[in-house]
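The values are calculated or read from the model by the stated rules, or taken from the named source; none is laboratory data. Small disclaimer: the values here were computed from a predicted structure and weren't measured. Methodologically, a virtual Cβ is constructed for each residue, glycine included, from the backbone with ideal geometry; neighbour enumeration extends over all protein chains shown.
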Amino acid sequence: MSFPALRSPTEALRLKSRTLCEKVGPRIGAGAGLQQIEVRVENDHIQRITTARPLAAIAELIWNAYDADATEVRVELEKGQLTELGSILVNDNGTGIPFDTIEDSFQKLGGSWKRPGAKTSGGRAVHGEKGQGRFKAFSLGESVAWTSNHGGRRFTIFGQKSNLKNFELSEPVTTTSEGCTVAIRDVIKDFEIRAEDGFADRVRDVFALQLYDDPSFRIIYDGVAIDAREAIASVTPYPIAVDHGGRTLEATLDIVEWKKSVDRKLMLCLPGRFSFYEMPPGIQARGFEFTAYLTAELFQQLADNHTEGLVELDAASNTLIEAAKARLREHFRTKEAARSRDKIQEWVDAAIYPYEGAAADPIEINERQVFDVVALNLSDYSADFDKSPIKQKKLVLQLIKAAIETGASNLLSILEKVIDLPKERQDELADLLRKTSLTAVINAAKSVTDRLDFLKALQLLVFEPKSKRQLLERSQLHRIIAQETWIFGEQFNLVNDDQDLNSVLRSHIELLGKEREAPGATEPVLDAEGKAAIVDLMLSARIPTPTDDERRHLVVELKRPRQPINEDVLGQIRKYAKAVALDSRFEHSNVEWDFVAISNKFTPDAELEARIAGKPRGLIMELDDPIRIRVWAKTWGQIIQEAEGRLTFYKRRLEYQASDEEALGYLRTINAAYLSDAVKARIAELDIEAVGEPKSEG
C-alpha cells in the first residue's frame, strides 16, 4: 500500500510571501516609496543567464539555501488559475539574506562573497556562482520575490523578467523568524518538474553527496522527501591524474552505488562537489546502479569564464572525462568479476551448477564462458530466480546449458517460421535473450498479467452484488489475501496470519534478532481493555539503510464487504495500535508500525474521522513517541487503485487489459472453498460457454 508524502509545515510563510509578492508586484518601476536597486551590468548578459534549464534554476535556489546553512529546504509547486503550474516556492530555514548586503549583491554580477574554497559560518563548503543564481530563477517565471528573515528583520526583494536591470526592496519589518522564501510567480510554461515526473530523482542526483555527507541537511521536493542517505549503498572515491599538453590535470571521482534503480549518469562538479553538468557515463556495468561525480579545479576555470556549458567541447576537460570513464570501467569490472565468482561458487556449493571439474577441451571452455554470462544475467534481471526453490534453479540452469550446446539457430528459425515476428522485433528479442532467458521473460510477463487478473478478480469478489453479500471474512476473503500480500506493496512479506498479538510480539522480537526469552517476553499482550486480540495479517518490510536494521510492520484488519467501516471498526484497529504503543516490549527506535482496517465503504461518522485536516485521507491516528505508529482506514477501492498504479507502466508496455473472463479464469486456480457460490456459478457459466460443459473446480 502507499503511504503519504511529507506535507509542508510552512503554509503561513508561503502565504506571507505571496501577499508581499502581490503587494510589491504592481509597483515595480512606479516609484511608490520602495527602494530601487539598479543592476550594473549589460542587459544581454543577464538575458543569457535567464535561459537556464529548470533543473539548473531550481538547483541554484537550493544551493543558495545550502550556502545559508539551511537544514531543510522545501520546494512547493502550486497550480495556476489556468495552468497546471502557476507558482514555485522555495522555502528554507537558513540564515536568510542580510539586509545591509542586499544593495551591493543585487547591483552587480561577479561580486559574490561565495569564492571557491570559502566556508559558511556552519562550516560548509560554499557553492559559488558569482551572484548569477538569483537571475536563473527568471528562466522559470515572469516575477520573482525573495522574502528574507535575518537578524530580526523581514524584507522582500522583487524583480520582473521584463525589467531585469531593476529590483525593488521593501522596508524591513520586525520578525522572530529565520530563513528565506523565493516565490516564482507567473511560471512561463507547464514544465514537467513534478515529483511524479521523476524530477525529484534528478534533484537527488545533483545533491546526493551533500545529502549523504550531511545528515542534518534534507530536501523536500513537491511533497516528497529526497531519499539519498538511506538509498546509497556506498561511496567510493578515486583520485584522477592525467597529462594534457605537458600539464597535469587532477580530479576526484566519487562513485555512488545505490540500493535502488536510478538513471545512471556522470555528473561534473565544481570544487566542493557541486554538480553543474550531467552526461551519460559511457560504460556498461551490468546489474549495478550508480551515479559518478567528477570534481576538478579545471571545471571552476571554465565557470569563471562562463563556458562551463561547453565543457564537452573543451579538450582538457575531455581528457579528464575519458580518464574517469576508464576508472569507472575498472571499478565495475573488478566488482562484477568478484560478484560472478561468488555467485558461481554459490551454485557449485548448492550442487546446481551444471558443470563438474575442469573443462575437458577448448570447446567446453567456451561453452562454460557463454553459460556463465547468460546465467549471471538471468540472476541479475530476474528477481524471482534467486527466490526459486533449489530444484527449480537447477532445472533452469540445465535448460540454459542445453540451449547453449544445441545453438541459437533453432530458436531463430522458430521465431521466423512459426511466430513470424518482424525482423526488428526479432533483433530486439535476440538482444534481450543475450541479457536474460526466454523463461525469465515469460515468467516476468506472466507475473504482471497474473497480478492484473487478480486485481480484476478482487473487484468481482468485493464489488459484485451477489458475491459481496456471500463473501465471508475469515474463511474466504482472508485466505485469498494471505496468498496475495503484494497488493499492499512489494516490500512486505507475510509474518503472521490470523494469530494473536502475542505471536506478533514474538515475530517482532525474532525479526529484530532479539533474545526470545527477553524479560517479560512470555507475558501475554493485551489491549487497552485487558483482552487478547487476534489480528488478521501482519506483514513486515526491511527499510534499506546503511545499517540495514530498520523495519516497517503492517498489521491488516480485513472486513467482509458488507461490513462497512464504522466507529466500532475504527475503535478496534485503534485498540490494536494502542496495545503495541503501551507495551514497552514493542519499543524500538528503528521500527515503524502501520495498522489498517479495510472494507468496501465508510459510514458517514467514520468518514468524518478519516478526514483529519492536514493529514492524508484515511489516517485516523498517529503516534511518534516512543514508537512511530500510524493507524489507517481504507476502502478496497483505494487499495486496488494503489496496486494498479504500481503496475501501470508494465500494463501499458504489455498492452494488456484484464477482463471479467480472465479474472474468473484466475479465480478458477484458487481453492474453491475460498469462493462464494455466486462466483463459482459465474465460473461454471464461463466454462459452459467455452466448451459446452463445466470444468472441475480446483
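Tell me yes or no: at least one residue of the range 107-119 is modelled with pLDDT of 75 or more and out of contact with any strand residue (DSSP E or B) (no Cβ under 6 Å at 6 or more places or on another chain). Write out each step before concluding.
Initially, the range 107-119 is screened for residues modelled with pLDDT of 75 or more, giving 119.
Keeping just the survivors that are out of contact with any strand residue (DSSP E or B) (no Cβ under 6 Å at 6 or more places or on another chain) gives 119.
Looking through the range 107-119, at least one residue is modelled with pLDDT of 75 or more and out of contact with any strand residue (DSSP E or B) (no Cβ under 6 Å at 6 or more places or on another chain).
For the range 193-208, name all the residues that are modelled with pLDDT under 90, of a type outside the set (Gly, Ala, Ser) and in a loop (DSSP other than H, G, I, E, B).
Answer for the range 193-208, where residues must be modelled with pLDDT under 90, of a type outside the set (Gly, Ala, Ser) and in a loop (DSSP other than H, G, I, E, B): there is none.
From the list Gln345, Gln301, exactly one residue is among the polar types (S, T, N, Q), surrounded by fewer than 18 Cβ atoms within 10 Å (Cβ to Cβ) and farther than 29 Å from Asp67 by Cα. Which is it?
Details: Gln301 fails: farther than 29 Å from Asp67 by Cα.
Result of the check over Gln345, Gln301: Gln345.
For the condition acidic (Asp, Glu) and surrounded by fewer than 20 Cβ atoms within 10 Å (Cβ to Cβ), what is the one hit in Asp625, Asp594? Walk me through it before giving the result.
Numbers: Asp594 fails: surrounded by fewer than 20 Cβ atoms within 10 Å (Cβ to Cβ).
Step by step, each of Asp625, Asp594 is checked, and only Asp625 is acidic (Asp, Glu) and surrounded by fewer than 20 Cβ atoms within 10 Å (Cβ to Cβ).
Restricting attention to the range 580-602, which residues are modelled with pLDDT of 80 or more, out of contact with any helix residue (DSSP H, G or I) (no Cβ under 7 Å at 6 or more places or on another chain) and part of a loop (DSSP other than H, G, I, E, B)?
Lys601
Do the conditions hold for Phe138, that is, is it over 26 Å from the mean Cα position of the chain (by Cα), more than 21 Å from Trp63 (Cβ to Cβ) and not in a loop (DSSP other than H, G, I, E, B)? Show your work before the answer.
Working: over 26 Å from the mean Cα position of the chain (by Cα): yes; more than 21 Å from Trp63 (Cβ to Cβ): no; not in a loop (DSSP other than H, G, I, E, B): yes.
So Phe138 fails the test.
Anything in the range 645-673 that is assigned to a helix (DSSP H, G or I) and polar (S, T, N, Q)? List them, or say none.
If the condition is that a residue be assigned to a helix (DSSP H, G or I) and polar (S, T, N, Q), then Thr648 is the only one that fits.
On the given criteria, is Tyr666 under 23 Å from the mean Cα position of the chain (by Cα) and farther than 21 Å from Met538 by Cα?
It is false that Tyr666 is under 23 Å from the mean Cα position of the chain (by Cα) and farther than 21 Å from Met538 by Cα.
So which residues in the range 559-573 are surrounded by fewer than 20 Cβ atoms within 10 Å (Cβ to Cβ) and out of contact with any Ser or Thr (no Cβ under 7 Å at 6 or more places or on another chain)?
Scanning the range 559-573 gives Arg560, Arg562, Glu567, Asp568, Gly571, Gln572.
Of these, Lys393, Lys417, which one is outside any loop (DSSP other than H, G, I, E, B) and modelled with pLDDT of 75 or more?
Details: Lys417 fails: modelled with pLDDT of 75 or more.
Only one candidate qualifies: Lys393.
Within the range 218-291, considering only strands (runs of 3 or more DSSP E) that don't extend past its boundaries, which have at least 2 residues that are of a type in the set (D, E, K, R) and surrounded by fewer than 17 Cβ atoms within 10 Å (Cβ to Cβ)? Walk me through how you get there before you give the answer.
On the way: elements: 218-221, 232-244, 247-258, 265-270, 274-279.
Ranges flagged: 247-258.
Here is a check on your reading of the model: is Leu211 of a type in the set (A, V, I, L, M), outside any loop (DSSP other than H, G, I, E, B) and not assigned by TED's automatic domain parsing to the domain that holds Met267? Spell out how you get there, then give the answer.
Working: of a type in the set (A, V, I, L, M): yes; outside any loop (DSSP other than H, G, I, E, B): yes; not assigned by TED's automatic domain parsing to the domain that holds Met267: yes.
So Leu211 fits the description; yes.
Being surrounded by 18 or more Cβ atoms within 10 Å (Cβ to Cβ), farther than 19 Å from Arg202 by Cβ, among the β-branched types (Val, Ile, Thr) and modelled with pLDDT of 90 or more is true for just one of Thr10, Thr95, Thr71. Which residue is that? Explain how you work it out, then say what you get.
Values: Thr10 fails: modelled with pLDDT of 90 or more; Thr71 fails: surrounded by 18 or more Cβ atoms within 10 Å (Cβ to Cβ).
So the residue among Thr10, Thr95, Thr71 that is surrounded by 18 or more Cβ atoms within 10 Å (Cβ to Cβ), farther than 19 Å from Arg202 by Cβ, among the β-branched types (Val, Ile, Thr) and modelled with pLDDT of 90 or more is Thr95.
Any idea which of Arg560, Arg630, Arg617 is in a loop (DSSP other than H, G, I, E, B), modelled with pLDDT of 85 or more and either basic (Lys, Arg) or within 21 Å of Leu455 (Cα to Cα) (or both)?
Working: Arg560 fails: modelled with pLDDT of 85 or more; Arg630 fails: in a loop (DSSP other than H, G, I, E, B).
Every option except Arg617 fails the conditions.
Going through the range 167-218 one residue at a time, which ones are within 30 Å of Glu103 (Cβ to Cβ) and either of a type in the set (A, V, I, L, M) or in contact with a Pro (Cβ under 6 Å, 6 or more places away or on another chain) (or both)?
Leu169, Val173, Val182, Ala183, Ile184, Val187, Ile188
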